[in-house]
Amino acid sequence: MKLERFEDIVAWQEARKLTCLVYDLTKRASFSKDFGLRNQIQRAAVSVMANIAEGFDRRSRKEFSSFLSMALASCAEVRSHLYVALDQKYIGQSDFDDAYAVCNRTSRLVFALMKSLRPPAAN
């Protein structure tokens, strides 16, 4: 299947779910008052989506792969911020587990996409 638009990319679709989840979590009263963490985790989640989209529209495998690498790093940032939110009791263990799972799924999809862009190994 040839991808025509970034919206067709499963990794981008999963990143969109992650972003919605992060925004839902950060709307909660205790979380929303921590402006620094709230802004950082939101920006990191949005960055995953944005880097996949921007990289795709660069129309170059090398550039797309570079942007996917940045998306992968942003996923790691979201996971790290989730620990802070858990430790500060802004979210409970169940919400942490759910968000962490979506983030992990997103990371795996981004990594698989990166691997698919690599040139075939020479024999």
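The values are calculated or read from the model by the stated rules, or taken from the named source; none is laboratory data. Bear in mind the structure is a predicted one, so any value in this text is a computation, not a measurement. All Cβ positions, glycine included, derive from the backbone under ideal geometry; neighbour counts span all protein chains shown.
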Notebook entry, point to check: Taking interchain pairs and intrachain pairs at least six residues apart, which have beta carbon atoms under 7 angstrom, with the first residue in segment 36-56 and at positive phi and the second in a helix (DSSP H, G or I) and surrounded by fewer than 18 Cβ atoms within 10 Å (Cβ to Cβ)?
Noted result: none
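Test S107 against the criterion of being assigned to a helix (DSSP H, G or I), over 19 Å from S32 (Cβ atoms), among the hydroxyl-bearing types (S, T, Y) and without any contact (Cβ under 8 Å) to a residue 24 or more places away in the chain, and give yes or no. Before the answer, list the steps.
On the way: assigned to a helix (DSSP H, G or I): yes; over 19 Å from S32 (Cβ atoms): yes; among the hydroxyl-bearing types (S, T, Y): yes; without any contact (Cβ under 8 Å) to a residue 24 or more places away in the chain: no.
Judged against the criteria, S107 is not a match.
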Margin query: Taking the condition of being modelled with pLDDT under 95 and surrounded by 16 or more Cβ atoms within 10 Å (Cβ to Cβ), how many residues in segment 29-55 meet it?
Written below: 0
Item checked: Residues satisfying the stated conditions in segment 96-109, i.e. crowded, with 18+ Cβ neighbours inside 10 Å and touching a Lys or Arg at 6+ places or on another chain (Cβ under 9 Å) -> A99, V102, C103, T106, S107
Check: Taking into account only those residues within segment 7-20 that are among the hydrophobic types (A, V, I, L, M, F, W, C) and surrounded by fewer than 18 Cβ atoms within 10 Å (Cβ to Cβ), which is nearest to L113 (Cα to Cα)?
Finding: V10
Next item on the list: Could you list, in sequence order, all residues of segment 64-95 that are crowded, with 21+ Cβ neighbours inside 10 Å, of a type in the set (S, T, Y) and closer than 17 Å to A15 by Cα?
Entry: S74
